[in-house]
Amino acid sequence: MNDKMTYDAIVVGSGITGGWAAKELTEKGLRTLVLEAGRSITPEEDYVEHVPAWEMKFRGMRDRQRQREDQPIQSTCYACDEWSSKFFVSDKENPYTTDPDKPFRWIRGRQVGGRSITWGRQTYRWSDLDFEANLRDGIAVDWPIRYADIAPWYDYVEQFAGISGETLGLAQLPDGKFLPPMEFNCAEKVVREAMAKEFGRERVLTIGRVAVLTEDKGDRAACHYCGPCERGCITRSYFSSVNATLPAADKTGRMTLRPFSVVHSLIFDPHTRRVTGVRVIDAKTRATMEFKAKVIFLNASTLESVRILLNSSTTEFPNGLANSSGELGHNLMDHIKAGGATGTIPGNEDKNVYGRRPNGVYVPRFRNVNTKHSDFIRGYGFQGGARREGWERGILQAGFGPEFKKAMRQGGAWKFTFYGFGECLPNHDNFAELDKGKVDAWGIPVLKIHCKWRENELAIQKDMAIAGAETLAAAGARDIEPFTDEEPPGFSIHEMGTARMGRDPKTSVLNAHNQSHDIKNLFITDGGAMVSSSCVNPSLTYMALTARACDYAVAQMKKGEI
Ligand SMILES: Cc1cc2nc3c(=O)[nH]c(=O)nc-3n(C[C@H](O)[C@H](O)[C@H](O)COP(=O)(O)OP(=O)(O)OC[C@H]3O[C@@H](n4cnc5c(N)ncnc54)[C@H](O)[C@@H]3O)c2cc1C
Ligand code: SF4
C-alpha cells in the first residue's frame, strides 16, 4: 500500500454497506482502497459463538465494572454481552454529546465488518407504500426513486447474501428471491392459524425474512441453529461483510483493505470541484497520511459519514462538505420500538423445540395500508415469537428440593411476544452537528446529536400495545400484558436520513443515485441516504442502494463524467 498512489476508488468503512461497495467496485475492475477505522477480524480467533458460558471469565454474566466504565452506552444493547462486547466500540474513546433532556443511544461497531458482525439479520424490502409516503403526506421531500428502480437491485443483493423467507404476495412487503423459510414452532403455528381466521390477509404472521442460509451456498454452509449469531459464525452461514462481501472483493485481487485507518476528512479541490482523496489518522501510531482516488464512497455509517463531511468544511462549503442544501446532518430517524404485548399460549406442553433458530416471526405492517388510522400516519410491523419459559421462572415460583428442581428442568408455558418496530417521520429539527468542544481519542471533533420522538411516533408506539394485545387475544392467549417502555431514539440501531436523497439540490444532499449533488465523484450509500424510514429493518435497502450506486458510478467513470 502506498499513500502516493492514486486508487480508482476509496471506500470509507467496511461494514454492511462498505463491504458491498468494495465487492461491487472491485468486481467492476476498480483498484479500490477500503479504509476501516477499527481492527481486522480473524474469524478463527475472533468468532466465539461456540464458546460455552463456563469457559468465559465471568461465566457469561459480563464484566460489569469494565462495561460500566468503558461501554455504558453500548452495554444497553442486548447483543453487547460478555462474548460480543469486543465487537462494540469503547464509549470512552468514541464519545458524542446530546442535550440533557434528549438522550440518543448510538450503538456502534468499529472493526472490519462493522455492525454486520452483530446485526440481527432481519431483511425486508421496502415498497411503494414507503417510497411514495412523503409525497402522499406532504412531509419532508419526495424520494427520487420508486420500487421499480430498486427492485432489480433487491434481487441482486438477496441472491448473493442468501435470504430465507416465505413469499406472501403482500403489496406492502414485496416478496424477494428467498431460500427456503425456517420453521415455526407449535405455539407460533397456533397464533398464525388464529390470526388467519380472525384477520384474513389484513394481519398475517410469517417467519422472519433473515440473511441466514437455510441451504449451502458456495463455500458458505447452511445454518446449524447454534443460536448466538452476534458472536460471529465460523460456518459463514449468516451474511456479514467478513463472511461474504469482503472475501468476494479480495478474490478480485483489486482490493486493498487498510484497518486502523480513521478517516478524518475529505480533500476537496475547488478548481475541479471534486474530492481528490482523504486524510487519515493511523489509529495505532497516530501518524497522519493522505490517500488519493478518482471516486470516493462514504460508508462509515449514517452518523459517522456526516461527521467526516462536517469535519471537511472548506471556504466553499463552510457548513460541511457537499452541504449546499443545509440538510447534511438533519432529518435523523430511527425506528420507534418498545411497544407490544406478551401472553401465554395454552396447550402444547408436551412439545419442545430442538436447536436455537436464529430468527423470530414477523407481522407485516397492517395500519394505514388499506384503511386510515385516526391517531397517526404510517405504521409498524411486529417482530417476536414463542418460546417455552425456562428455569428462570423458578425465581418467581415458590419451591425447593428435588421435586422443585425436577419441575424446573421441564419447559414452562409457551410465552408469545410481539415487539413493534414503527416508522419515524423525518424532521429537520432532529439533527447532528459538530461539538467543537469535545474530541475523540484521535483528536477528531465529535457529534452533538439532537433527536427526540414526536407525536406521531408516540401514537404509533401506543397502538403497538393495543393491537399486540388484541392479536394475542384473538389467538386465545392468557395473561396478556400490553407494554410500552420509554426508550430513546437510536436504540433500534436503525439510524438514518442525515444525507438524504432528493430531486432538488436545494433540499437534499444526494441525487437518485446516491451521488452528491454538489460533488460528482462523491457517493454516500449508507443509511444517511434515506428520505423516510419505513417501518421495516433498513439494511437490505442500504445494500441494494449501494450496489445500484456502484453500477452507476462505474458507468459514469467509463463515460468520462466522473
Ligand atoms: C445488535 C444489532 C442488531 C441489528 N439488527 C438489524 C436487523 O435485524 N436488520 C437490519 O436491517 N439492521 C440491523 N441492525 C443495523 C445494521 O447493523 C446497520 O444498519 C448496518 O450495519 C449499517 O451498515 P453501515 O455500513 O452503514 O454501517 P456499519 O455496519 O456500522 O459499518 C460502518 C463501518 O465504518 C467504520 N468507520 C466509522 N467511522 C470511520 C472513519 N472515520 N474512518 C474509517 N472507518 C470508519 C466503522 O468502524 C465500521 O466498520 C442491527 C445492528 C445491531 C448493532
Ligand atoms: S445460528 Fe446459524 S447463522 Fe447463527 S452463528 Fe449459528 S450457524 Fe451461524
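Within region 152-172, track down each residue that is assigned to a helix (DSSP H, G or I) and under 20 Å from the mean Cα position of the chain (by Cα). Scanning region 152-172 gives 153, 154, 155, 156, 157, 158, 159, 160, 161.
Residues checked against (1) hydroxyl-bearing (Ser, Thr, Tyr); (2) touching a helix residue (DSSP H, G or I) at 6+ places or on another chain (Cβ under 8 Å); (3) surrounded by fewer than 21 Cβ atoms within 10 Å (Cβ to Cβ):
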| site | (1), (2), (3) |
| --- | --- |
| 492 | yes, no, no |
| 503 | no, no, yes |
| 507 | yes, no, yes |
| 512 | no, yes, yes |
| 515 | no, yes, no |
| 523 | no, yes, no |
| 527 | no, yes, no |
| 531 | no, yes, no |
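Restricting region 263-319 to residues that are of a type in the set (D, E, K, R) and within 18 Å of residue 439 (Cα to Cα) leaves a set whose member that is surrounded by the most Cβ atoms within 10 Å (Cβ to Cβ) is 307.
Evaluated against (1) within 16 Å of ligand 2 (Cβ to nearest atom); (2) of a type outside the set (A, V, I, L, M); (3) surrounded by 17 or more Cβ atoms within 10 Å (Cβ to Cβ), residue 98 falls short on exactly one condition, (1). So, of the residues in region 101-127 that are away from ligand 2 (no atom under 16 Å from the Cβ) and of a type in the set (Val, Ile, Thr), which turns out to be nearest to residue 206 (Cα to Cα)? Only one residue tops the list, namely 107.
The sole residue among 175, 130, 149 that is within 20 Å of residue 202 (Cβ to Cβ) and in a helix (DSSP H, G or I) is 130.
Note on region 203-234: residues that are within 13 Å of ligand 2 (Cβ to nearest atom) and out of contact with any strand residue (DSSP E or B) (no Cβ under 7 Å at 6 or more places or on another chain) amount to 15.
Going residue by residue through region 306-323, is there one that turns out to be more than 30 Å from residue 486 (Cβ to Cβ), of a type in the set (Ser, Thr, Tyr) and touching a Phe, Trp or Tyr at 6+ places or on another chain (Cβ under 8 Å)? Within region 306-323 (the criterion being more than 30 Å from residue 486 (Cβ to Cβ), of a type in the set (Ser, Thr, Tyr) and touching a Phe, Trp or Tyr at 6+ places or on another chain (Cβ under 8 Å)), the answer is yes, since at least one residue qualifies.
Among the candidates 198, 193, 188, the residue that is free of Cβ contacts under 8 Å to residues at least 60 places away in the same chain, away from ligand 2 (no atom under 16 Å from the Cβ) and outside any loop (DSSP other than H, G, I, E, B) is uniquely 193. Of the strands (runs of 3 or more DSSP E) entirely within region 363-465, those holding at least 1 residues that are over 30 Å from residue 288 (Cβ atoms) occupy 380-388, 414-422, 445-450.
Just one residue in the set 544, 555, 529 is over 13 Å from the mean Cα position of the chain (by Cα) and free of Cβ contacts under 8 Å to residues at least 12 places away in the same chain; that residue is 555.
Tell me yes or no: at least one residue of region 454-471 is buried (at least 17 other Cβ atoms within 10 Å of the Cβ), in contact with a helix residue (DSSP H, G or I) (Cβ under 9 Å, 6 or more places away or on another chain), at negative phi and among the hydrophobic types (A, V, I, L, M, F, W, C). No, the conditions are met nowhere in region 454-471.
Within region 350-376, the residues that satisfy the criterion of being among the aromatic types (Phe, Trp, Tyr), away from ligand 1 (no atom under 16 Å from the Cβ) and surrounded by 15 or more Cβ atoms within 10 Å (Cβ to Cβ) are 366, 376.
Of the residues in region 481-496, none is β-branched (Val, Ile, Thr), closer than 30 Å to residue 277 by Cβ, in contact (Cβ under 8 Å) with a residue 40 or more places away in the chain and not in a loop (DSSP other than H, G, I, E, B). Among the candidates 32, 42, 26, the residue that is under 19 Å from residue 113 (Cβ atoms), touching a Ser or Thr at 6+ places or on another chain (Cβ under 9 Å) and within 16 Å of ligand 1 (Cβ to nearest atom) is uniquely 32. For region 4-62, a residue qualifies if it is β-branched (Val, Ile, Thr), farther than 14 Å from residue 246 by Cα and modelled with pLDDT of 95 or more, and the qualifying residues are 10, 48, 51. Residues of region 224-259 that are within 13 Å of ligand 1 (Cβ to nearest atom) and of a type in the set (Val, Ile, Thr): 242, 245. For region 21-72, the candidate set comprises residues that are of a type in the set (Gly, Ala, Ser) and closer than 22 Å to residue 308 by Cβ; within that set, the residue that is surrounded by the fewest Cβ atoms within 10 Å (Cβ to Cβ) is 40. The condition of being among the small types (Gly, Ala, Ser) and either surrounded by fewer than 19 Cβ atoms within 10 Å (Cβ to Cβ) or modelled with pLDDT under 95 (or both) holds for only one of 232, 208, 176, 227, that being 227.
For region 267-362, please list each of the strands (runs of 3 or more DSSP E) lying entirely inside it that holds at least 1 residues being without any contact (Cβ under 8 Å) to a residue 24 or more places away in the chain. It comes to 274-282. In region 6-47, of all residues being assigned to a helix (DSSP H, G or I) and aliphatic (A, V, I, L, M), the one that is nearest to residue 556 (Cα to Cα) corresponds to 25. Here residue 210 meets each of (1) farther than 30 Å from residue 475 by Cα; (2) within 16 Å of ligand 1 (Cβ to nearest atom) with one exception, condition (1).
The values are calculated or read from the model by the stated rules, or taken from the named source; none is laboratory data. This structure is a prediction, so every number in the text was calculated from the model and none was measured. Backbone-built Cβ (ideal geometry, glycine too); neighbour counts: all protein chains shown.
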